[in-house]
């Protein structure tokens, strides 16, 4: 089913979310749980857009941390991150936007994308490139045995443009199975300690060795 997604389908879906939420006050995220083993209540693909008056826990850490870094160093943490990761084994080359295997993953085979803008309105300019890349990354997941995932794209505000960047997080989930066994247990949900099976550096190696990439 994953390989049936086209670039235009994904682009249209994300563009519709962006247009729906760009005039709403608050912090926007676009989210995708694919298949029940990833928490989807319905098996068919669908996106979920959220607008919150304050950022959620994870984006708040990045917004406040980015601001602190900028005030201390006078430059963007996100630019420094991209420079560092571009020289690492975790970088996923050959894509339109900046994608890499995150060095401190919150889930299995976590891949992140640093977007060129900050707000959900900015995202409309890069949604085509994002869709192209996402099709390739999801094909890569399928090639290495994963057909279910969670995806979130987090956006900031105009006032945070100087130091923040919108970004996406993608993690692989266990494939649906007759026993309905989940890959999330007490360590992840109660201890907030993700258990992962694949090193970020190995994801970069798999990407480079994968014929589709």
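The values are calculated or read from the model by the stated rules, or taken from the named source; none is laboratory data. Since we're looking at a predicted model, the values are computed, not measured. With ideal geometry, Cβ positions are generated from the backbone for all residues, glycine too; neighbour counts draw on all protein chains shown.
The conditions of being in a helix (DSSP H, G or I), more than 17 Å from residue 138 (Cα to Cα) and free of Cβ contacts under 8 Å to residues at least 24 places away in the same chain are met by residue 64. Give me the residue from the range 184-209 that is at pLDDT below 90 and within 30 Å of residue 94 (Cα to Cα) and, out of that set, surrounded by the most Cβ atoms within 10 Å (Cβ to Cβ). Applying the filter and picking the extreme gives 196. Scanning the range 79-124 for residues that are assigned to a helix (DSSP H, G or I) and either touching a strand residue (DSSP E or B) at 6+ places or on another chain (Cβ under 6 Å) or surrounded by fewer than 17 Cβ atoms within 10 Å (Cβ to Cβ) (or both) returns 79, 80, 82, 83, 84, 85, 86, 120, 121, 124. Would you check if residue 153 is in a strand (DSSP E or B) and at pLDDT 95 or above? For residue 153, the condition - in a strand (DSSP E or B) and at pLDDT 95 or above - is met. Of all residues in the range 68-94, exactly one satisfies the criterion of being closer than 14 Å to residue 166 by Cα and over 19 Å from the mean Cα position of the chain (by Cα), namely 76. Note on the range 131-150: among residues that are in a helix (DSSP H, G or I) and out of contact with any helix residue (DSSP H, G or I) (no Cβ under 7 Å at 6 or more places or on another chain), the one that is surrounded by the fewest Cβ atoms within 10 Å (Cβ to Cβ) is 143. Is it the case that residue 127 is within 14 Å of the chain's Cα centre (by Cα), closer than 15 Å to residue 167 by Cβ, surrounded by 16 or more Cβ atoms within 10 Å (Cβ to Cβ) and touching a residue at least 60 places away in the same chain (Cβ under 8 Å)? For residue 127, the condition - within 14 Å of the chain's Cα centre (by Cα), closer than 15 Å to residue 167 by Cβ, surrounded by 16 or more Cβ atoms within 10 Å (Cβ to Cβ) and touching a residue at least 60 places away in the same chain (Cβ under 8 Å) - is met.
In the range 103-124, of all residues being under 10 Å from the mean Cα position of the chain (by Cα) and closer than 28 Å to residue 177 by Cα, the one that is modelled with the lowest pLDDT corresponds to 110.
Only residues that are surrounded by 13 or more Cβ atoms within 10 Å (Cβ to Cβ) and either at positive phi or touching a helix residue (DSSP H, G or I) at 6+ places or on another chain (Cβ under 7 Å) (or both) were counted in the range 1-25, giving 10. Exactly one residue out of 43, 55 is surrounded by 14 or more Cβ atoms within 10 Å (Cβ to Cβ), touching a helix residue (DSSP H, G or I) at 6+ places or on another chain (Cβ under 7 Å), assigned to a loop (DSSP other than H, G, I, E, B) and modelled with pLDDT under 95, and it is 55.
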